1. How many angstrom lie between the Cα centre of the stretch B:12-31 and the Cα centre of the stretch B:97-154?
2. Which chain A residue puts its Cβ closest to the axis that rotates A onto B, and at what distance in whole Å?
3. Scattering from the C-alpha atoms of the protein assembly as shown alone, worked out with Debye: what is log10 I(q)/I(0) at q = 0.13, 0.15, 0.16 1/Å?
4. What does DSSP give for chain B in terms of the percent of beta bridges that are antiparallel, rounded to the nearest 5?
5. Taking the label point as lying 7 angstrom from Cα along the Cα-to-Cβ axis, what are the distances from residue A:26 to the corresponding position in the remaining copies, in ascending order and in nanometres?
6. With a ≥ b ≥ c the root eigenvalues of the C-alpha gyration tensor of the stretch A:50-150, is it rounded (a/c under 1.5), prolate (a/b larger than b/c) or oblate?
7. Averaging sequence separations of C-alpha pairs under 8 Å and six or more residues apart, then dividing by the length of the stretch A:1-91, give the relative contact order as a whole percent.
8. From the label point of residue B:138, set 7 Å from Cα along Cα→Cβ, how far away are the matching label points in the other copies, in nm, ordered shortest to longest?
């Protein structure tokens with residue numbers, strides 16, 4: 001799609017996050033991607049986990065997409081689309097900035113703060129795309145130490 | 001202090017975060033600083049809010065200090081020292097990575113997720129340093145729009 005196009009459906013939005021996850025995998029990184037859209041489907045920014053690539057522990061997929069979206073005055077009408085359920089760090093990002101809706105590609109391989117977000121008024125949609133579940137579960141099986149580092153599990 | 005020195009007391013640790021906040025102010029940025037230490041007082045990394053300087057909405061003081069501390073396998077015995085009570089985003093960071101203790105320079109000007117952290121086993125210490133309360137409250141009074149942008153308030 002070109003820059004001015006609208007990503008109207010959740011499936012279209014999740015393709016952008018998925019492409020970011022696959023780009024991260026191709027770079028040798030942790031394969032999680034995310035993208036931030038306006039409510040009507042305009043892409044504000046997308047990104048992927050950069051722990052390995054940039055040695056940056058602060059860049060989860062969601063925080064990288066948030067960064068790449070640039071400075072915004074309001075997030076109320078935005079949608080965060082992520083290939084994996086947001087951890088507490090990324091759930092805190094969503095809550096603090098009042099992002100209105102989160103679309104989750106996979107909440108079976110990892111299950112973060114999504115109920116807490118729902119309790120606090122964030123609309124949550126779960127896709128559970130078999131491609132994403134395979135991508136992440138295979139990555140974790142092959143890289144348990146790296147995965148544990150990424151979510152702060154000793 | 002030189003690099004190998006230990007910052008043993010909370011007051012010494014808070015001086016590092018305060019110096020970061022003042023550096024941010026001198027750069028024309030939002031004057032919030034933070035630093036991550038080992039339990040015995042070794043500085044792992046420090047940083048400050050970089051919204052204005054880098055046009056980076058993802059770099060709050062705590063996330064910048066966390067980034068600058070580099071990749072760590074465990075945060076259980078670390079202490080996050082911040083000049084201002086951590087917002088939900090930064091509180092989520094602390095919870096996800098299992099940072100054991102948070103020292104807060106000012107929780108009067110802004111009050112974030114510190115009770116939620118305490119409920120989840122994080123040790124919280126509040127200093128309420130008059131210098132920091134003045135620094136932040138004067139900044140907010142002069143820059144309400146920028147401050148609201150930084151905490152996602154419409």
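Throughout, read-outs are computed from the coordinates displayed, never taken from laboratory work. Computed from a prediction, not measured in an experiment: that's the story for all the values here. Backbone-built Cβ (ideal geometry, glycine too); neighbour counts: all protein chains shown.
1. Between the Cα centres of the stretch B:12-31 and the stretch B:97-154 lies a distance of 14 Å.
2. For the rotation taking chain A to chain B, the closest Cβ gives A:92, 1.
3. -0.88, -1.15, -1.29
4. Numbers: 10 of 18 bridges.
DSSP beta bridges in chain B are roughly 55 percent antiparallel.
5. 4.4
6. Working: a/c = 2.04, a/b = 1.34, b/c = 1.52.
Oblate shape, in that a/c is at least 1.5 and b/c is the bigger or equal ratio.
7. Values: 192 pairs, mean separation 25.0, N = 91.
Relative contact order for the stretch A:1-91 comes out at 27 percent.
8. Label-point distances to the other copies, shortest first: 5.9 nm.
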